[in-house]
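Student: Encoded as structure tokens, here's the structure I'll be asking about.
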Amino acid sequence: MAIQPDPVTPMSETTPRPFPRRSLLFTPGDSRRKIEKGAGLAVDGLILDLEDGVALNRKAEARAVVGAALAEIDFGRIERLVRVNGLATEWFAADLAAAAAAGPDAIVVPKIDSAADLARVDAALAALEAKNGRPPGGIRLLVLIETPLGVLNLPEIARCGGRLDGLILGGEDLAAGLGATRTPEGWELFYARSALVTAAAAYGLSAIDNISVDLDRHDRLAEEARQGRRLGFTGKMAIHPAQVPVINNCFSPTPAEIETARRLVAAYEAHQQAGTGAFAFEGRMVDRPIILAAQNTLHRAQLTAPYEE
């Protein structure tokens, strides 16, 4: 059934996802060597790219390479994603067919502007799943929001439900569409980032932050990632393997945060048994929202722990 922009039951903010999605690394779909290298990294998700990372005259070759890679390479715990070309391009149909036949965990679709766009993708993917004998809805969708129209329509896009699993900010394209000047501080994207995080949180979706193009400035990358986490993003895209450890570190709870959350939840449970609502904890007044934040920290720690082995 096609995605419809109807109300869906929001997922709890503390519900763990099957993949942590702190770091999603792009790798060119036409390079088997780079895909194999990516499969050996401590990255949460690998996006095999058929769009910007592939030259126009290598699109067909990239589809073949991606299909073979998904069939033959052991990605371990890494989530396997494929970014297709956009709906308005001549390559979309062939890209989606090749990706659906290969059966990745999720497909990333760029430049989604409306719920109608998403419904078109879902309907096409549902038909391909049926044709390939795959379970309906088994392939998830993450969508790139990278146009002003996409930002304005974030509420209707996020509430589609179905196979939609995450929203990704395409900041460079968005800034170009806005006519904005990119700055290290990133205030020109602040509204879009906040809108995306809010829409994702309202409907239980992953919220993935924009890439950092400063490959040699890991200090700037770390600050961007920390700011994104403070805003509510669940992860960040990477365009180089060296960015992955920085992003993972910034989006993982620290040992001190985990220990504090454990003590706080234990104290909460003890006060609940004693019939106490709000209570003081280490000099701070605690009520239900603070407990939810602590539980969310413990869920994130549980989800990412196997990836740190």
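The values are calculated or read from the model by the stated rules, or taken from the named source; none is laboratory data. This structure is a prediction, so every number in the text was calculated from the model and none was measured. Cβ sites come from the backbone with ideal geometry, for glycine too, and all protein chains shown count toward neighbours. Please note that ligands, DNA and RNA were not included when accessible areas were found on the heavy atoms of the full protein model with its side chains. Shrake-Rupley method; radii C 1.70, N 1.55, O 1.52, S 1.80 Å.
Student: For a quick check, take a GNM of the chain with Cα springs below 10 Å and name the residue from Leu141, Leu169, Leu231 with the largest mean-square fluctuation.
Tutor: Leu231
Student: Give the accessible surface of the chain per residue, rounded to a whole number of Å², with probe radius 1.4 Å and ligands, DNA and RNA excluded.
Tutor: Computed with neighbouring chains in place, this is 46 Å² per residue.
Student: Run the accessible area of the chain with a 1.4 Å probe and give the carbon-and-sulfur part as a rounded percent.
Tutor: Carbon with sulfur: 56 percent of the solvent-accessible area.
Student: For the stretch 27-147, take N as its residue count and report Rg(C-alpha) divided by 2.2 N^0.38 Å.
Tutor: Compactness ratio reported: 0.99.
Student: Next question. Report, for the chain, the % of DSSP beta bridges that are antiparallel, rounded to 5.
Tutor: So the antiparallel bridges in the chain amount to around 10 percent.
Student: Report, ordered by chain and residue number, the lysines lying within cross-link reach of Lys34, taken as a straight Cα distance under 28 Å and ignoring same-chain residues fewer than 8 apart.
Tutor: Lys59, Lys111, Lys236
Student: Using DSSP to define loop residues, name the trypsin sites (Lys or Arg not before Pro) in the stretch 198-231 whose beta-carbon has at most 15 other beta-carbon atoms within 10 Å.
Tutor: Here the sparse-neighbourhood loop sites are Arg217.
Student: Can I ask one more? Kindly give Rg over Rh for the stretch 94-144, based on alpha-carbon atoms, with the Kirkwood expression for the hydrodynamic radius.
Tutor: Rg/Rh: 0.94.
Student: Something else about it: Highest mean first, what order results for 41-54, 282-295 on Cβ atoms within 10 Å?
Tutor: Ranked from most to least packed, the peptides come out as 41-54, 282-295.
Student: Have a look at Pro148, Pro104, Pro255 and tell me which one the Gaussian network model of the chain (Cα, springs below 10 Å) gives the largest fluctuation.
Tutor: Result: Pro255 has the largest fluctuation of those listed.
Student: List the trypsin sites (Lys or Arg not before Pro) within the stretch 47-82 that DSSP assigns to loop and that have no more than 16 neighbouring Cβ atoms inside 10 Å.
Tutor: Hits after loop and neighbour filter: Arg77.
Student: With a bin width of 10 angstrom, please list the P(r) values of the stretch 170-309 as percents of all Cα-Cα pairs, from the 0 bin to the one holding the largest distance.
Tutor: With 10 Å bins starting at 0, P(r) equals 10, 33, 31, 18, 7, 1.
Student: In Å and from the alpha-carbon atoms only, list the Rg and Dmax of the chain.
Tutor: Over the chain's Cα set, Rg and Dmax evaluate to 19.9, 69 Å.
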